[in-house]
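The values are calculated or read from the model by the stated rules, or taken from the named source; none is laboratory data. Just so it is clear, the structure is predicted and the values come from calculations on it, not from any experiment. Every residue, glycine as well, gets a Cβ built from its backbone with ideal geometry; the counts of neighbours run over all protein chains shown. Keep in mind that these areas ignore ligands, DNA and RNA; they rest on the heavy atoms of the full protein, side chains included. Shrake-Rupley method; radii C 1.70, N 1.55, O 1.52, S 1.80 Å.
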Amino acid sequence: MNNQTTFLQKLKNYLKHPGSFLLMLLVVISAVLTFSVLIFLIAFILIQGLPHIKPSLFSLEYNSENASVVPALVNTIIMTFMSLIIAVPFGIFSAIFLVEYAKRGNKLVELIRLTTETLSGIPSIVYGLFGMLFFVNTLGWGFSLLAGAFTLAIMILPLVMRTTEEALKSVPDSYREGSFGLGAGKLRTVFQVVLPSAIPGILAGIILAIGRIVGETAALIYTAGTVAKIPSSLMGSGRTLAVHMYNLASEGLHMEQAYATSVILLLLVVGINTISSIVAKKLTKA
């Protein structure tokens, strides 16, 4: 009864103010539409891909008959960890400088933020061409996982910086003042008080970065290459799952395996996000 009464009261209030009712209706429609599109995409991928997931798809070596995803899966995991190892420390330390150490109104800070926002809006194909010209050709790394990882690290760096910066800003100033009042220095305050409180927001940015790494194709085609095998070293060429799926679909000869690869890619992203969320909750409780 209480819930029904509350609902009727809210409905009457909305009817008294047509603008509020219209806004509420638009918000509900937008939420339902967004959720419906997401469900449709997931259902389409699962319906098209699940029937074609076979044991041959998980062979250790790729060939034209099985179109195995194992080499691409291993390369994807390697590429993800390498890119995060390169980009996350730089992104977090840069954000700490901007929020905790740089003076407000500093022109250097404004320039860094402008540069960061500009980098985040550059198409991935431009990053791929830069990576090919600089890492592949100028540095002589060739088509390799290392060249691809450095290119992706530059791509996700603005995302990690911005999310970390917002996470640090969300920490109340009372935390800092309390730490200073107890005699802690700036460095200890940042790393033992502010940074642990901002970890959930930082991990959210890292999760978004992982999604971009796993789903990237254009930048990796020009830097890591498209060889369907696990390279013997970081200087070897290899394709990730997204590149693998793109190649299969573009060739038109293995569409069934391409759909199956999309399912594996979807499950990989969901698994990584779930693990990251669990880690974030445990760190927050600690």
Response to the item:
The residue that is most open to solvent (accessible area, probe 1.4 Å), considering only those in the range 137-147 that are under 15 Å from Val227 (Cα atoms) and part of a helix (DSSP H, G or I), is Leu146
Worksheet item: Counting only residues that are surrounded by 17 or more Cβ atoms within 10 Å (Cβ to Cβ) and either among the aliphatic types (A, V, I, L, M) or under 23 Å from Leu50 (Cβ atoms) (or both), how many does the range 228-238 have?
Response: 2
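Table: residues versus (1) crowded, with 19+ Cβ neighbours inside 10 Å; (2) at pLDDT below 90.
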position: Phe40; (1), (2): no, no
position: Ala43; (1), (2): no, no
position: Ser56; (1), (2): no, yes
position: Ser68; (1), (2): yes, yes
position: Ala72; (1), (2): yes, no
position: Thr80; (1), (2): yes, no
Item to complete: Could you identify the single residue in Glu251, Glu256 that is open to solvent by 80 Å² or more (accessible area, probe 1.4 Å), at pLDDT below 85 and closer than 22 Å to Leu46 by Cα?
Response: Glu251
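Within the group Val194, Val243, which residue is of a type in the set (Val, Ile, Thr), out of contact with any Ser or Thr (no Cβ under 7 Å at 6 or more places or on another chain) and buried (at least 18 other Cβ atoms within 10 Å of the Cβ)? So that I can check it myself, show each step before the final result.
Numbers: Val243 fails: out of contact with any Ser or Thr (no Cβ under 7 Å at 6 or more places or on another chain).
Of Val194, Val243, the one residue that is of a type in the set (Val, Ile, Thr), out of contact with any Ser or Thr (no Cβ under 7 Å at 6 or more places or on another chain) and buried (at least 18 other Cβ atoms within 10 Å of the Cβ) is Val194.
This table checks each residue for (1) open to solvent by 50 Å² or more (accessible area, probe 1.4 Å); (2) in contact with a helix residue (DSSP H, G or I) (Cβ under 6 Å, 6 or more places away or on another chain); (3) without any contact (Cβ under 8 Å) to a residue 40 or more places away in the chain.
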residue	(1), (2), (3)
Ser83	no, yes, no
Leu98	no, yes, no
Ala102	no, yes, yes
Leu119	yes, yes, yes
Ser124	no, yes, no
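Can you say whether Val171 is surrounded by 15 or more Cβ atoms within 10 Å (Cβ to Cβ), outside any helix (DSSP H, G or I) and at pLDDT below 90, as far as the supplied structure shows? Don't jump to the end; show me each part of the working.
Working: surrounded by 15 or more Cβ atoms within 10 Å (Cβ to Cβ): yes; outside any helix (DSSP H, G or I): yes; at pLDDT below 90: yes.
Answer is yes for this residue.
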